[in-house]
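Scroll down for the structure; my scribbles are underneath it.
Quick note: the coordinates plus some simple rules give every number you see, no bench work behind them. Nothing here was measured: the structure is a model prediction, and the numbers come from that model. Neighbour counts run over all protein chains shown; Cβ positions are idealised from the backbone, glycine included.
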Amino acid sequence: MPIEERHTERAHVTPTREPYEAERREAELVHRYRRALDLDGQVVSRLRVVPAGESAPIYSDLWNETTGELVEAKGTVTRDALRMAVGQLLDYGRFVDSKRYAVLVPTRPRDDLLAFLAAAGVTAIYSDGARCTRAEP
């Protein structure tokens, strides 16, 4: 299925959880990374899965059909955000033949969190100026 379209920079809500503005940051990260992959000739989309017993679908952020890499974006590099990303990747990964997992974040995670991601077999992809850098596990 196609990558989610982004039509606004921000969305203001009054939730009882962390503000949704982080989700707009995630969308911007996905679109920037998608453009880079498109320029490289890679085919990207996102997964839409309805797990057994669920009534609503779950959606991945990015599925690289060319490389078999499943990517989850997070707007921050906090421990909670990266732990959530690992769980989401494992959940989505059950429904596709994923060769690799990656988390797309705005900045390089600190060393301890890179070690956590490496232990989970997840690559960190972060912005390093005008390009994306991979911190392989």
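With a 10 Å radius around each residue's Cβ, average the other Cβ atoms per peptide and rank 128-134, 66-72, 42-48, highest first.
Ranking, from highest mean packing down: 66-72, 42-48, 128-134.
Can you tell me the order of 81-94, 108-121 when each peptide is scored by its average per-residue count of other Cβ atoms within 10 angstrom, highest first?
81-94, 108-121
Quick check: Cα centre of the range 38-52 to Cα centre of the range 113-137, how many Å?
A separation of 20 Å, based on Cα centres.
What full-extension length gain, to one decimal in nm, is calculated for Asp38 and Ala118 as 0.36 nm per residue of separation minus the Cα-Cα distance?
This chain segment gains 26.2 nm when fully extended.
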